[in-house]
Amino acid sequence: MQKTVIRANSPWWRIPFREIWEYRDLLMLWVRRDLTAVYRQTIIGPLWFVIQPLLTTIVFTVIFGAVAKISTDGIPHFIFYMSGTIFWNYFQGVLNHGATSLVSNTNILTKVYFPRLIMPLSGVFIQFAHLALNSVVFLGIYFWFLYHGTAMEPNRWVFFLPVLILQTGLLGLGFGLWVSAATIKYRDLRFALPFLVQLWMYGTPIVYPAKLVVKPLLKWALWLNPMTAVVEFSRYALTSRGSPELWGLGLSWGVTLLVLVSGLFLFNKVQRTFVDTI
Amino acid sequence: MSEPAISIRNLSKRYRLGTIGRQTLIDETKYWWHKLRGRDPRQAFEKIGYSATERRRVEAEQAGSHEFWALRDVSFDVQPGEVIGIIGRNGAGKSTLLKVLSRITEPTAGEVELRGRIGSLLEVGTGFHPELTGRENVFMNGTILGMKEREVARKLDEIVAFAEIEKFIDTPVKRYSSGMYVRLAFAVAAHLEPEILIVDEVLAVGDAEFQSKCLGRMADVSKEGRTILFVSHNMAAIQSLCSRAVLLQGGQCAMVGSVQETTEAYLRTHLPKAAHLPIGERTDRGGDGQVRFTAYRILNERNLEIGAAQSGETITIELDFEKKTSGDAPCSLYMQVANEKRQRMFLCFSRISHPGVLRMGHRGTVRLTIPHLPLLPGRYFVHLSCKVGKALADELIDGVEFDVVEGDFFGTGKLRGRGGESGILVAHHWEVVGGE
């Protein structure tokens, strides 16, 4: 018979992985619920998730490409901006989902118990569905460019793309856990978040190539941003252009794991009694 | 004897009060700014208390303490298959206890051991999404409550039948009536198969018929050998379902015992506070002072003093009096029971209802017994007066006050449900005659 012991001050470092596994059905239903509910509510349904990055890409192409004439390393503007946007959207989506998961689900969390990590974790999968949808559109455009003989070619690194996608998800989750733990204490952080994320995007080589940043200190700062490596390497894999730095990739993974593990611990500590303060 | 299904040892839960009101970075800055200037930072915050504001919490805050114990050293065991009731007034710690037991929040100290799968039902319909259909929500809700997807699939037909919503199972729940919503939600929880079921006052929702269906379902569950922890204000439901009960008072476990003893002890906690002026000392009274009522008590059938009566039980109002003369003049007593809005409910007038003549000595006690109390739950006030001969001897408006709680007035085991107004219950019966 299952035995549960409830004790004060359960250790923050004990992440209930087994329990999460037992609740995997809930996780999957949660993902499905979110997707169906979202798609049913909007008139154009899933189309919205395709239109949004396309519009962003068009805006970037016009402003940064045509008007500001920022270099894209010889990569077609559309491909350059859209690849970055898709990855960034995934990161941002997971981050936002994680960040608001505790505060926006209080009505459920104060009524029933299940491993709290399910909430931010579901964001990784929900956003992945949007990413997959966008990737299909992107690949269509990509192959059109390839077919018309644009000066770019994929290389062996394309097999590394799934790893980059995974990294993006984990990174978004890690930061999301951090923010959600912090928003329990400080509600107004939620309002600052979109702005901070926006700034962060400009600190990532999405509308400009990493190559443009040459000052050693700035370059370090740029590559310390874990999303830099993700964007640069994914672009390099698809076009064989850009300036992928292997040390930067290592650094990026280091930061990712650090953020993720510390985020998990922090979240695990906060979730024990967070319902007392909301 | 087998091991207890639930064993609770010295369970305590503390809420910190110093953190109140600081929910934003701006609040935090304000707090430290006040502290820096040597002021009491709490003055900067008008809002005291948490979302579920309890008087005790606010009182503790106002008294200047920095913490508040919602539970303090609570210990008791529940045997497998037992149905145990948790009773206590608002703020006694019932909800906190349930929250800790269902792992929604962590205790500050102490330990709980639970043997078996736990299902908690603190509110029906947790996690229902309006856009999704009934079927999708059943799956969602079932897995939130800890079931596997295929278990829900296996039980789906049974759940839908219990909720009586077969036709609407593929309709989004936003189109459901509130009754359908509640029925479906309870059905999911009731068909979950936990070894330990923690139930908060969910029975208070829905119509009487559905309530008795729910009570029946809970009785079935307990017959299957599962343990139920049931929290309610409804003494009648507690008495009909539970074998034992725990009385919480101010976060502490005041009593664990048979339902009878515990509910009586609970009703006694409704006794008027000492802050009330004893009626003998009140000066706002009428009459010539020939008679003076000095004290009153409300007693139950077993002559135990209570502060709250149950609908349908026999109660006695005892009034102590002093009389200046011991003459033989016939006296008449008048008690008018009114609700909180001071609308008259009924009248007890001895000149009509007492067959003989009442005479009162120098001092003594008047006993008014009302068998089968016909009042709905609520607070009631008695306007009392006494005449000696034809002269008004004493009169007190709101001389006696008492609470009535839910009880099984009709003897059917069915309950009335939440949200009624005070009022009168009348014994009656139904029948259908004729027809095909």
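None of the figures in this text is laboratory data; all of them are computed from the coordinates on show. Bear in mind the structure is a predicted one, so any value in this text is a computation, not a measurement. Ideal geometry is used to build each Cβ from the backbone, glycine not excepted, and the neighbour counts take in all protein chains shown.
Tilt of helix A:161-185 relative to the longest C-alpha principal axis of chain A, in degrees (0 to 90, nearest 10)?
50 degrees
What is the distance in Å between the Cα centres of the range B:310-334 and the range A:1-32?
63 Å
Quote the FRET efficiency, to the nearest 0.05, computed for B:L347 versus B:N90 with a Förster distance R0 of 22 Å and r equal to the Cβ-Cβ distance.
Values: r = 32 Å, r/R0 = 1.45.
FRET efficiency, B:L347 to B:N90: 0.10.
How would A:Y202, B:Y15 line up from fewest to most surrounding beta-carbon atoms within 10 angstrom? Kindly include the intermediate steps, with their values, before the conclusion.
Values: A:Y202 10, B:Y15 21.
With the sparsest Cβ surroundings first, the list reads A:Y202, B:Y15.
Based on alpha-carbon atoms only, what is the radius of gyration of the range A:74-122 relative to the globular estimate 2.2 N^0.38 Å? If you can, show how the numbers build up before the last one.
Details: Rg = 16.6 Å, N = 49, 2.2 N^0.38 = 9.7 Å.
So the range A:74-122 has a normalised radius of gyration of 1.71.
Using the Kirkwood radius built from alpha carbon pairs, what does the Stokes-Einstein equation give as D for the protein assembly as shown at 20 °C and 1.002 mPa s, in µm² per second? All intermediate terms of the calculation are to be shown ahead of the outcome.
Values: Rh = 30.4 Å.
Reported coefficient: 70 µm²/s.
Can you give me the angle between helix A:24-41 and the longest principal axis of chain A, using Cα atoms only, in degrees from 0 to 90, rounded to the nearest 10?
Rounded to the nearest ten degrees, it is 60.
Relative contact order for chain A using alpha-carbon pairs under 8 Å, separation at least 6, rounded to a whole percent?
On the way: 324 pairs, mean separation 75.2, N = 278.
Averaging sequence separation for qualifying contacts and normalising by length gives 27 percent for chain A.
Which value, in debye to the nearest 20, gives the size of the charge dipole of the range B:123-177 about its Cα centre, when Lys and Arg are +1 and Asp and Glu are -1 at the Cβ?
On the way: 8 positive and 10 negative charges, 16 e Å.
So the dipole magnitude of the range B:123-177 works out to roughly 80 debye.
Roughly how many nanometres apart are two label points built 7 Å out from the Cα toward the Cβ at B:V357 and A:I141?
Here the answer is 10.7 nm between the modelled labels.
Distance cut-off 27 Å, Cα to Cα: go down the list A:K3/B:K213; B:K155/B:K213; A:K269/B:K174; B:K174/B:K341; A:K185/B:K13; B:K99/B:K148 and report the pairs above it.
Working: A:K3/B:K213 31 Å; B:K155/B:K213 18 Å; A:K269/B:K174 36 Å; B:K174/B:K341 37 Å; A:K185/B:K13 20 Å; B:K99/B:K148 23 Å.
Checking Cα-Cα distances, A:K3/B:K213; A:K269/B:K174; B:K174/B:K341 exceed 27 Å.
Roughly how big is chain A's charge dipole about its Cα centre, with Cβ charges of +1 (Lys, Arg) and -1 (Asp, Glu), in debye to the nearest 20?
Details: 22 positive and 10 negative charges, 130 e Å.
With only Lys, Arg, Asp and Glu charged at Cβ, the dipole is about 620 debye.
Label A:F17 and A:V103 with points 7 Å out from Cα along Cα→Cβ: what is the distance between them in nm?
Between A:F17 and A:V103, the label points sit 3.1 nm apart.
If the chain between A:Q2 and A:S240 were fully stretched, how many nm would it gain, using 0.36 nm times the residue separation less the Cα-Cα distance?
This chain segment gains 80.2 nm when fully extended.
Report the charge-dipole magnitude of the range B:350-413 in Debye, nearest 20, computed about the Cα centre from +1 at each Lys and Arg Cβ and -1 at each Asp and Glu Cβ. Kindly include the intermediate steps, with their values, before the conclusion.
Numbers: 7 positive and 7 negative charges, 115 e Å.
Dipole magnitude for the range B:350-413 comes out near 560 debye.
Among A:L238, B:H362, B:Q260, flag the residue with its Cα farthest along the positive direction of the charge dipole of the protein assembly as shown, charges on Cβ as +1 for Lys/Arg and -1 for Asp/Glu.
Comparing the listed Cα positions along the dipole, A:L238 ranks first.
Sort B:M360, B:M345 so the one with the fewest other Cβ atoms within 10 Å of its own Cβ comes first. Mind showing how you got there, number by number?
Details: B:M360 24, B:M345 18.
Placing the least packed residue first, the sequence is B:M345, B:M360.
Tell me, what is the FRET efficiency for B:T412 and A:I44 to the nearest 0.05, using R0 = 56 angstrom and their Cβ-Cβ distance as r? Could the numbers behind the result be given before it?
Details: r = 55 Å, r/R0 = 0.99.
After rounding to 0.05, the efficiency reads 0.50.
Evaluate E = 1/(1 + (r/R0)^6) for B:Q249 and A:V67, where r is the Cβ-Cβ distance and R0 equals 51 Å; express this FRET efficiency to the nearest 0.05. All intermediate terms of the calculation are to be shown ahead of the outcome.
On the way: r = 73 Å, r/R0 = 1.43.
Efficiency for this residue pair is about 0.10.
Given 0.36 nm per residue, what is the gain on full extension from B:E305 to B:H429 after removing their alpha carbon distance, in nm? The partial results should precede the final answer.
On the way: separation 124, 0.36 × 124 = 44.64 nm, distance 3.21 nm.
Separation in residues times 0.36 nm, less the Cα-Cα distance, equals 41.4 nm.
To the nearest Å, what is the center-to-center distance of the range B:82-144 and the range B:160-200, using C-alpha atoms only?
16 Å
Using only Cα atoms, locate the centre of the range A:64-78 and the centre of the range B:217-231, then give the distance between them in Å, rounded to an integer.
Centre-to-centre distance over Cα atoms comes out at 69 Å.
Measuring from label point to label point, each 7 Å out along Cα→Cβ, what is the A:I51 to B:S178 span in nm?
Simple spin-label model gives 3.7 nm for this pair.
Multiply the residue separation of B:E322 and B:H34 by 0.36 nm, subtract the distance between their alpha-carbon atoms, and state the gained length in nm to one decimal.
Values: separation 288, 0.36 × 288 = 103.68 nm, distance 5.88 nm.
Fully extending the segment from B:E322 to B:H34 adds 97.8 nm.
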